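What follows is a set of notes on a single structure, which appears directly below.
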Amino acid sequence: MEYATAKAVDRSLLKDIRDVVIDTSKPCEERMKAYVEQIGNPYCYLDDGVVVEIGYADNGVSLQERLAAYAGSIDEDFGNLR
């Protein structure tokens, strides 16, 4: 399946993630299936009217490493980026 980028996507075709309802009592596989069925395009959707596009880079850096680097860049006294 091929998806359009946020710049080229027709906003009227996107689903809003706020409308997605997941039954957390279901097994993980069923929750994932329900999410994809409801959101349509899991890589490009709306969140309160804002287009959200998700992508992944195969550069060997994990999400955890990125988040740790980001957290380390925040000034603890003021909550601002250094």
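Every number here is computed from the coordinates shown, using simple stated rules; none is lab data. Just so it is clear, the model here is predicted, and its values are computed rather than measured. Methodologically, a virtual Cβ is constructed for each residue, glycine included, from the backbone with ideal geometry; neighbour enumeration extends over all protein chains shown.
Structure notes:
- For beta carbons closer than 9 Å, sequence separation of 6+ or different chains, a first residue in the range 25-48 that is without any contact (Cβ under 8 Å) to a residue 40 or more places away in the chain and surrounded by 14 or more Cβ atoms within 10 Å (Cβ to Cβ) and a second that is of a type in the set (Gly, Ala, Ser) and part of a loop (DSSP other than H, G, I, E, B), the qualifying pairs are Asn41/Ala4.
- Considering residues of the range 49-70 that are touching a residue at least 24 places away in the same chain (Cβ under 8 Å) and aliphatic (A, V, I, L, M) only, the residue farthest from Thr24 (Cα to Cα): Val51
- Residue satisfying all of: in the range 57-74; part of a helix (DSSP H, G or I) and of a type in the set (D, E, K, R); nearest to Tyr43 (Cα to Cα) among these: Arg66
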